[in-house]
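The values are calculated or read from the model by the stated rules, or taken from the named source; none is laboratory data. On a predicted model such as this, the values are computed, not experimentally measured, just so you know. In this analysis, Cβ positions are derived from the backbone assuming ideal geometry, glycine residues included, and neighbour counts consider all displayed protein chains.
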């Protein structure tokens, strides 16, 4: 899949009424979502036909990117493209580090006896898990059942997508973001040597969960790429 195809799908996702209530949890770096969505739909409307949507990805992506840069500036476009690359779920291989590491705090105690002398690791991971559980409960309580708007239905029809798939995408993205926030609060001060020990624990949990075929990233390695988004959605709001 080309970057332009990812951008095309992400722009459409951002235009949906269905996603608007979850912008903050999804870490969408947009301050005025109503104004943004209204203008985005105006820009998208000529492209939401089966012919244009499926056969003109490069032109589609360029046109919308050009509009966004003119209105919001090049720095804002750079941050939004970072969100599209690193936070938005496009297809299977996306966000593999979070796929593995968001499970580790929940299953770490299963293998704790194999790591004598490293109780501090499991205490930290317990704090991360509690933060994850609390934030997920808040998210679940916040969810308002809603129907697709006419715009939403039209976009999903052209994409050959479903409301169920949209629900799943929103929940998984939120789950991963909640993990990243919990990690940042409790584990971001660990030094390299400490992270090496944490890495061994993570790899063992992945093996115990039969996830060893996935690429177990070095813990916290995502922080450098996501610094701008963490600054907006963790440090400034947390």
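Somewhere in the stretch 160-181, is a residue without any contact (Cβ under 8 Å) to a residue 12 or more places away in the chain, within 30 Å of residue 46 (Cβ to Cβ) and surrounded by 14 or more Cβ atoms within 10 Å (Cβ to Cβ)? Looking for residues that are without any contact (Cβ under 8 Å) to a residue 12 or more places away in the chain, within 30 Å of residue 46 (Cβ to Cβ) and surrounded by 14 or more Cβ atoms within 10 Å (Cβ to Cβ), one finds at least one in the stretch 160-181, hence yes. Exactly one residue among 187, 191 is out of contact with any helix residue (DSSP H, G or I) (no Cβ under 9 Å at 6 or more places or on another chain) and modelled with pLDDT of 95 or more, and that residue is 191. Test residue 105 against the stated conditions and say whether it is more than 18 Å from the chain's Cα centre (by Cα) and surrounded by 16 or more Cβ atoms within 10 Å (Cβ to Cβ). It is true that residue 105 is more than 18 Å from the chain's Cα centre (by Cα) and surrounded by 16 or more Cβ atoms within 10 Å (Cβ to Cβ). Scanning the stretch 195-215 for residues that are within 24 Å of residue 229 (Cβ to Cβ) and either in a helix (DSSP H, G or I) or in contact with a strand residue (DSSP E or B) (Cβ under 8 Å, 6 or more places away or on another chain) (or both) turns up 195, 198, 199, 202.
For residue 6, state whether it is closer than 30 Å to residue 202 by Cβ, in contact with a helix residue (DSSP H, G or I) (Cβ under 7 Å, 6 or more places away or on another chain) and either at pLDDT 95 or above or in a helix (DSSP H, G or I) (or both). Yes: the conditions hold for residue 6.
Note on the stretch 119-144: residues that are more than 14 Å from residue 175 (Cα to Cα) and in contact with a helix residue (DSSP H, G or I) (Cβ under 6 Å, 6 or more places away or on another chain) total 5. Taken as a whole, the structure leaves residue 180 outside the set of residues that are part of a loop (DSSP other than H, G, I, E, B) and touching a helix residue (DSSP H, G or I) at 6+ places or on another chain (Cβ under 7 Å). All conditions but one from (1) crowded, with 16+ Cβ neighbours inside 10 Å; (2) assigned to a helix (DSSP H, G or I) apply to residue 75; the one that does not is (1).
Scanning the stretch 183-194 for residues that are surrounded by fewer than 16 Cβ atoms within 10 Å (Cβ to Cβ) and assigned to a helix (DSSP H, G or I) yields 185, 192, 193.
Checked against (1) closer than 23 Å to residue 229 by Cβ; (2) free of Cβ contacts under 8 Å to residues at least 40 places away in the same chain, residue 117 passes all but condition (1). Restricting the stretch 20-66 to residues that are surrounded by fewer than 16 Cβ atoms within 10 Å (Cβ to Cβ) and assigned to a loop (DSSP other than H, G, I, E, B), which is farthest from the chain's Cα centre (by Cα)? Per the criteria, the residue is 49.
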